[in-house]
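This report refers to the structure that appears directly beneath it.
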Amino acid sequence: MSHFGKKVRYKEWVFDSIKERDFFIRFIENSGKRFKVHPSYKVVDKFPVGGYNQRGITYAPDFVVYGPDGAVEHVYDVKSGINQRAIDTAAKLRFKMFSLKTGVPVEVVVPRKHDFKMKLPGYGKTDIQPAHKQYDKHGKLKTHKNSKGEVVPTYAYYNVYKNINYDIHDLIGK
């Protein structure tokens with residue numbers, strides 16, 4: 001199974017997938033905000049171990065969107081889903097190291113037809129993002145048994161947006 005989509009060219013950019021390109025076209029390109037596509041950030045500098053240097057670690061989010069004052073407003077990473085299979089452990093670790101270094105959270109987004117789902121990996125589920133019932137690909141409600149043995153709906157925690165004009169600090173605080 002391949003984790004990566006087919007590279008797609010659009011204007012002067014090369015995107016990692018059609019979903020990524022479509023998110024860019026619908027939500028970022030005409031937003032009126034300044035942005036960068038695939039900028040690279042060093043999250044861990046090289047460091048010595050024994051007599052040799054370990055390589056540093058970089059992270060290249062899909063998109064960084066800047067506010068009118070030049071401050072980073074959003075750091076987006078486009079994925080095919082917001083579950084464990086779509087966001088692997090290595091990606092979560094890079095997101096955390098990036099947030100530690102910059103003080104800005106990485107927003108994992110999943111484009112849909114008219115909006116996008118956004119999740120902040122690493123944040124408490126019920127504190128920041130609302131619960132949404134999960135459905136399988138056939139539209140059937142996903143359920144599980146709770147600690148009392150009752151069958152209850154399975155929830156995912158994410159926000160839904162129709163544009164990028166929201167303040168991430170409204171969710172996480174200043």
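Here, each number is a calculation from the coordinates, and none is a lab measurement. Owing to the predicted nature of the structure, the values given are computational and were not obtained by experimental measurement. Ideal geometry is used to build each Cβ from the backbone, glycine not excepted, and the neighbour counts take in all protein chains shown.
Assorted remarks:
- Qualifying chymotrypsin sites (Phe, Trp or Tyr not before Pro) in the stretch 54-136, where qualification requires a DSSP coil assignment and no more than 11 other C-beta atoms within 10 Å, are lacking entirely.
- Rounded tilt (10° steps) of 89-102 against the dominant C-alpha axis of the chain: 60 degrees
- Extended-chain gain in nm, criterion 0.36 nm per residue less alpha-carbon gap, residue 18 and residue 161: 49.5 nm
- Phi-based couplings in Hz for the stretch 69-81 (Karplus 6.51, -1.76, 1.60; Gly and Pro marked x): 8, x, 6, 5, 9, 9, 10, 10, 10, 8, 10, 8, x
- Using the alpha-carbon positions of the stretch 77-174, Rg (one decimal) and Dmax (whole number) come out as 14.8, 44 Å.
- With the gyration tensor restricted to C-alpha atoms of the stretch 1-64, the semi-axes of the equivalent ellipsoid amount to 31, 16, 8 Å, longest first.
- More than 25 angstrom apart: percent of Cα pairs within the chain: 40 percent
- Note on the stretch 53-174: with charges restricted to the Cβ of Lys and Arg (+1) and Asp and Glu (-1), its dipole about the Cα centre is near 660 debye.
- Relative contact order %, the chain, counting alpha carbon pairs below 8 Å whose residues are six or more apart: 14 percent
- Label-point separation, residue 132 to residue 92 (7 Å along Cα→Cβ), nm: 2.0 nm
- A straight line joining the Cα centroids of the stretch 121-172 and the stretch 12-69 runs 26 Å.
- Residue among 50, 31, 60 farthest towards the positive dipole end of the stretch 3-61, charges placed on Cβ: 31
- Stokes-Einstein diffusion coefficient of the stretch 41-87, Kirkwood radius over Cα pairs, 20 °C, 1.002 mPa s, in µm²/s: 158 µm²/s
- Note on the stretch 131-174: the alpha carbon radius of gyration divided by the globular reference 2.2 N^0.38 Å gives 1.64.
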